[in-house]
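Below: the structure, in structure tokens.
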Amino acid sequence: SVNLLVRDKEIIFMEGASKVTQQIEAHLAAFGQKCDIGKSHFEAALLLRDHEQLEAGALRTYATASQLLKTAEQLVKAGNVDRDRVRDTTKRLDTLWQGLTSRLNT
């Protein structure tokens, strides 16, 4: 039935949101680590590569988070879900993402 499909989407959304939350928190922790500039050209090149990989991972996380936010909007519009839970989860994702983007842009 339609209600079961909506509930399944809600469960998938909540699981996805939990994973993305963990990913964002991991990215924030990684960006929070002290980073030296490297004692040699080789070390600096390795640091740059690591930074680029971290940034690419953050962009993949953004794509997933963006899709989750769209899904949340659809779930709330469809009804038959715990709207407060979905909205609270969406707000947490958005807040975490804003924190990460501010770190990326500094």
With the structure loaded, tell me whether Leu68 is within 20 Å of Asn3 (Cα to Cα) and not hydroxyl-bearing (Ser, Thr, Tyr) or whether it fails that test. yes
Would you check which residues across segment 73-100 are without any contact (Cβ under 8 Å) to a residue 12 or more places away in the chain and of a type in the set (Ser, Thr, Tyr) and list them? Thr95
Counting only residues that are under 13 Å from the mean Cα position of the chain (by Cα) and open to solvent by 60 Å² or more (accessible area, probe 1.4 Å), which one in segment 46-62 is farthest from Asp94 (Cα to Cα)? Glu55
Hits in segment 12-34 - residues which are open to solvent by less than 90 Å² (accessible area, probe 1.4 Å) and either modelled with pLDDT of 90 or more or not aliphatic (A, V, I, L, M) (or both): Phe13, Met14, Gly16, Ala17, Ser18, Val20, Thr21, Gln23, Glu25, His27, Phe31, Gly32
Tell me which of these Glu15 doesn't satisfy, since it passes every other one: (1) over 13 Å from the mean Cα position of the chain (by Cα); (2) under 27 Å from Asn3 (Cα atoms). (1)
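The values are calculated or read from the model by the stated rules, or taken from the named source; none is laboratory data. Predicted, not measured: the structure shown is a model, and the values here were computed from it. With ideal geometry, Cβ positions are generated from the backbone for all residues, glycine too; neighbour counts draw on all protein chains shown. We work out accessible area using only protein heavy atoms, side chains counted, and drop any ligands, DNA or RNA first. Shrake-Rupley method; radii C 1.70, N 1.55, O 1.52, S 1.80 Å.
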